[in-house]
Amino acid sequence: MYLILLELNGRPAGEYGDLERALKALGNWSNRMRGVWMVETRFTAAQVRDLLKPHLVAGRDRLFVQRMTSNWAGTNMGDGFQDWMARRKFN
């Protein structure tokens, strides 16, 4: 399970469809906050970075990928979020 942080400055917000498709293709995903994705995938953090990098504007967009642990907390994350997280694998 990875936390993916994005700061997209290179194009207008509506022009990142290719990036969104690439994120969703990684595996089970949730993006309940702008610029933040949680993805359950078989790839390593470096592989996720390398798969997403071609969809970013070099020198303008920023990307950070971090493995998550099962020790998490949140509030106001929306209906079903806690159940979704409970079904994820954090190893």
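Any read-out appearing in this document is the output of simple, stated calculations on the displayed coordinates, not a laboratory observation. Not measured: the values here are computed from a predicted model. FYI the Cβ positions are ideal-geometry reconstructions off the backbone, even for glycines, and counts take in every protein chain you see.
For the reader, a short list of remarks on this structure follows.
- Some residue of region 11-29 being among the aromatic types (Phe, Trp, Tyr) and out of contact with any Leu (no Cβ under 7 Å at 6 or more places or on another chain): no
- Considering residues of region 1-20 that are farther than 13 Å from Lys53 by Cα and out of contact with any strand residue (DSSP E or B) (no Cβ under 6 Å at 6 or more places or on another chain) only, the residue surrounded by the most Cβ atoms within 10 Å (Cβ to Cβ): Arg11
- Of all residues in region 44-68, those that are over 19 Å from Arg21 (Cα atoms) and in contact (Cβ under 8 Å) with a residue 40 or more places away in the chain have Cβ atoms under 9 Å from Cβ atoms of residues that are surrounded by 15 or more Cβ atoms within 10 Å (Cβ to Cβ) and among the aromatic types (Phe, Trp, Tyr), 6 or more apart or on another chain, in Gln66/Tyr2; Arg67/Tyr2; Met68/Tyr2.
- Residue within region 21-44 that is touching an Asp or Glu at 6+ places or on another chain (Cβ under 7 Å) and assigned to a helix (DSSP H, G or I) present: no
- Pairs linking a residue in region 1-28 that is without any contact (Cβ under 8 Å) to a residue 24 or more places away in the chain to a residue that is of a type in the set (Asp, Glu), with Cβ atoms under 8 Å and 6 or more positions apart or on different chains, are Gly27/Glu40.
- Residues of region 45-89 that are among the β-branched types (Val, Ile, Thr) and either surrounded by 11 or more Cβ atoms within 10 Å (Cβ to Cβ) or in a helix (DSSP H, G or I) (or both): Val48, Val57, Val65.
- Any hit, region 7-15, residues being assigned to a strand (DSSP E or B) and small (Gly, Ala, Ser): no
- If the condition is being crowded, with 16+ Cβ neighbours inside 10 Å and either at positive phi or touching a helix residue (DSSP H, G or I) at 6+ places or on another chain (Cβ under 7 Å) (or both), then region 28-44 contributes Trp29, Ser30, Trp37, Val39, Thr41.
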